[in-house]
Amino acid sequence: MHLVMIGGSDAGISAALRARELNPGADVTVVVADAFPNFSICGIPYYVSGEVTHWRNLAHRTIADLEAAGMWLRLDTTARRIDVPARKLLVTDADGKEELLAYDQLIVGTGAVPVRPPIAGLDGADALGADDGVHLLHSMGDTFAVVRTLENGAPASAVIVGGGYIGLEMADALTVRGLAVTQMEQLPEVLPTVDPSLGALVHAELATHGVEVLAGTTVQQISRAAPGQAGRLAVQATAADGAPVTRLADMVLVVVGVRPDTALAAEAGAMLGLKRAIAVDKEMRTNLPDVFAAGDCVITHHRLLGKTYLPLGTTAHKQGRVAGENALGGNRLFAGSLGTQVVKIFDQAAARTGLRDHEAETAGFDPVTIESAADDHKAYYPGSHRITMRVTGDRGTGRLLGMQLFGHKNAEIAKRIDIAATAIFQHMTVDAVSDLDLSYTPPLGSPWEAVQMGAQAWVRDICWH
Ligand SMILES: Cc1cc2nc3c(=O)[nH]c(=O)nc-3n(C[C@H](O)[C@H](O)[C@H](O)COP(=O)(O)OP(=O)(O)OC[C@H]3O[C@@H](n4cnc5c(N)ncnc54)[C@H](O)[C@@H]3O)c2cc1C
């Protein structure tokens, strides 16, 4: 049995590890376009900031670890064509030499590529690129280019186009590196994956650390600034009221999301769906015989929404593991995502799981969201922090649909959102969250855990109005 994985990131490597774990005799080959298999690209901002001191430290596992697990790594090798009837994969190595790899089962984990928005200066013959200090950010190659700009160009300032979680992490990272950062986001508030009231708290945290935040600002053009200006690049944008906005900066980072990288699978006949991601069933099978797919290149099964596109590292790991098991003949199901995520912004963290009001309405629920706040631990013990919570439940059934949290980075925001994720996963009502037997000691919590107090605020509000 020869299993071939295309892609050496979260999905491809998770699939390969699982296959080798289940069948140490399985012949497993991972084809990777670059030389950085199993790197934690989620950690890129912390290498850029200098908190992670060497890029090699970002490896979840070294090449030697992966080989010791029994997989063959074909690095700097690009998959070019899948011949589905013949079960053969055409690959080229770094020198362009072609080779046909025969497979019994194939797992496509080609991931995603950064979106290149229609901003003048990013495309065309005179497009600005990494050598000019204009960067997109997704791969280790992109990371080395950013670090080269930082080390060789000694930039004093940066504009970050995009106020999603990667843009925020990079605003934090570049500020830590001593750059003056301007963040431009076309939507009315940063971190648009949470409700605007929490986005406003994120906005305030950025401002506290000196980041100039321009929400409601759409970037139109990036160009070289005239010599003698206060920055090498000029970023031209339009504010929400139509007023022109110009900022000069030494580097520009464009981080406005990703799109699934599916050309290879599509050319082989794989069905695409939402956002042109590969359609898969819960076993991570595509419509093509003996071809699975997982990670950022696929449509994600969502436990409340049905189908969505939700590219996240946690999901890619789980889907890859399922694909690896099933490629060996298993029938494991991917249980579905809730879009659980958390981001650190300087000293604060924001997290969400499940649905917000508008998403819940689309899914046919009758959602109500109640905002409240509670301490992360007993306030009499030093170092306590308030946590702002937004709890979303269904008015009719009382079912917990979603939760959003904002609070200090030491307030266990990530693990608290995981309580909510677990409760939603198990179809609990908001009221039932109060029944959970959760831990307590004054320096670390309260007799009523903060998330339970948020749930009680929701129940109070719904019952009394
Ligand atoms: C800066 C940053 C921070 C992030 N932070 C978080 C976070 O905190 N939490 C979280 O859950 N997620 C985070 N993510 C998202 C997460 O990293 C992705 O969801 C995850 O890496 C997806 O894994 P993947 O294997 O599906 O695809 P990718 O990571 O996109 O990898 C695709 C792989 O396929 C290879 N490949 C592509 N085409 C070919 C081909 N034709 N031939 C051979 N190889 C090919 C690529 O070289 C690569 O190895 C972050 C992403 C970035 C960029």
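The values are calculated or read from the model by the stated rules, or taken from the named source; none is laboratory data. The model shown is predicted, which means the values in this text are computed figures rather than measured ones. Counting neighbours? That spans all protein chains shown, and the Cβs are built from the backbone with ideal geometry, glycine included. Quick note on the areas: whole protein, heavy atoms, side chains included, nothing else; ligands and nucleic acids left out. Shrake-Rupley method; radii C 1.70, N 1.55, O 1.52, S 1.80 Å.
Scan segment 123-148 for residues that are open to solvent by less than 20 Å² (accessible area, probe 1.4 Å), in contact with a Gly (Cβ under 9 Å, 6 or more places away or on another chain) and within 15 Å of Val255 (Cβ to Cβ) and the total you get is 4.
Restricted to segment 83-122, and to residues there that are small (Gly, Ala, Ser) and in a strand (DSSP E or B), the residue that is least open to solvent (accessible area, probe 1.4 Å) is Ala112. Residues of segment 55-81 that are part of a strand (DSSP E or B) and either polar (S, T, N, Q) or more than 10 Å from the ligand (Cβ to nearest atom) (or both): Ala59, Met71, Trp72, Leu73, Thr78. Does Leu3 satisfy the condition of being touching a residue at least 24 places away in the same chain (Cβ under 8 Å), more than 11 Å from the ligand (Cβ to nearest atom) and either crowded, with 23+ Cβ neighbours inside 10 Å or over 30 Å from Val342 (Cα atoms) (or both)? Against the criterion (touching a residue at least 24 places away in the same chain (Cβ under 8 Å), more than 11 Å from the ligand (Cβ to nearest atom) and either crowded, with 23+ Cβ neighbours inside 10 Å or over 30 Å from Val342 (Cα atoms) (or both)), Leu3 qualifies. Within segment 163-182, the set of residues being among the polar types (S, T, N, Q) and more than 15 Å from Gln348 (Cβ to Cβ) comprises Thr182 only. Taking segment 350-367 as the range and being in contact with a strand residue (DSSP E or B) (Cβ under 6 Å, 6 or more places away or on another chain) and aliphatic (A, V, I, L, M) as the test, the residues that pass are Ala350, Ala351, Leu355, Ala360. Out of Val28, Val52, one residue alone is touching a strand residue (DSSP E or B) at 6+ places or on another chain (Cβ under 9 Å) and either surrounded by 16 or more Cβ atoms within 10 Å (Cβ to Cβ) or outside any loop (DSSP other than H, G, I, E, B) (or both). It is Val28. Quick check, is Gly407 at pLDDT 95 or above, farther than 17 Å from Gly354 by Cα, touching a strand residue (DSSP E or B) at 6+ places or on another chain (Cβ under 9 Å) and buried (at least 18 other Cβ atoms within 10 Å of the Cβ)? Criteria met by Gly407. Taking segment 261-287, which residues are within 16 Å of the ligand (Cβ to nearest atom), open to solvent by 30 Å² or more (accessible area, probe 1.4 Å) and outside any loop (DSSP other than H, G, I, E, B)? Of everything in segment 261-287, those that are within 16 Å of the ligand (Cβ to nearest atom), open to solvent by 30 Å² or more (accessible area, probe 1.4 Å) and outside any loop (DSSP other than H, G, I, E, B) turn out to be Ala263, Ala266, Glu267, Leu272, Leu274, Lys275, Arg276. Could you say which residue among Ala35, Ala11 is small (Gly, Ala, Ser), closer than 17 Å to Ala293 by Cα, within 13 Å of the ligand (Cβ to nearest atom) and open to solvent by less than 70 Å² (accessible area, probe 1.4 Å)? Ala11 is the lone residue from the list that is small (Gly, Ala, Ser), closer than 17 Å to Ala293 by Cα, within 13 Å of the ligand (Cβ to nearest atom) and open to solvent by less than 70 Å² (accessible area, probe 1.4 Å). Filtering segment 268-327 to residues that are without any contact (Cβ under 8 Å) to a residue 40 or more places away in the chain and within 25 Å of Leu400 (Cα to Cα) leaves Ile299, Thr300, His301, His302, Lys307, Thr308, Leu310, Leu312, Thr314, Thr315.
Of the residues making up segment 100-119, just one is polar (S, T, N, Q) and within 10 Å of the ligand (Cβ to nearest atom), namely Thr110.
Elements of the type strands (runs of 3 or more DSSP E) sitting completely within segment 288-376 and holding at least 3 residues that are within 15 Å of the ligand (Cβ to nearest atom) and touching a helix residue (DSSP H, G or I) at 6+ places or on another chain (Cβ under 9 Å): these cover 291-293, 341-345, 348-354. Beta carbons closer than 8 Å, at least 6 apart along the sequence or on distinct chains, pair a first residue in segment 33-44 that is on the phi > 0 side of the Ramachandran plot with a second that is open to solvent by less than 50 Å² (accessible area, probe 1.4 Å) for Asn38/Gly8; Asn38/Ser9; Asn38/Ile13; Asn38/Ala59; Asn38/Leu66. Of the residues making up segment 137-151, those that are polar (S, T, N, Q) and either within 15 Å of the ligand (Cβ to nearest atom) or free of Cβ contacts under 8 Å to residues at least 12 places away in the same chain (or both) are Ser139, Thr143.
Selection over segment 241-261 of residues that are within 18 Å of Pro188 (Cβ to Cβ) and of a type in the set (D, E, K, R) gives a count of 1. Take the conditions (1) assigned to a helix (DSSP H, G or I); (2) open to solvent by 50 Å² or more (accessible area, probe 1.4 Å); (3) within 13 Å of the ligand (Cβ to nearest atom); Ile44 misses just one of them, which is (2).
Could you say whether any residue in segment 240-253 is surrounded by 15 or more Cβ atoms within 10 Å (Cβ to Cβ), assigned to a loop (DSSP other than H, G, I, E, B) and in contact with a Lys or Arg (Cβ under 8 Å, 6 or more places away or on another chain)? Yes. Looking at the structure I just gave you, is His385 closer than 28 Å to Thr175 by Cβ and touching a residue at least 12 places away in the same chain (Cβ under 8 Å)? The answer is yes for His385.
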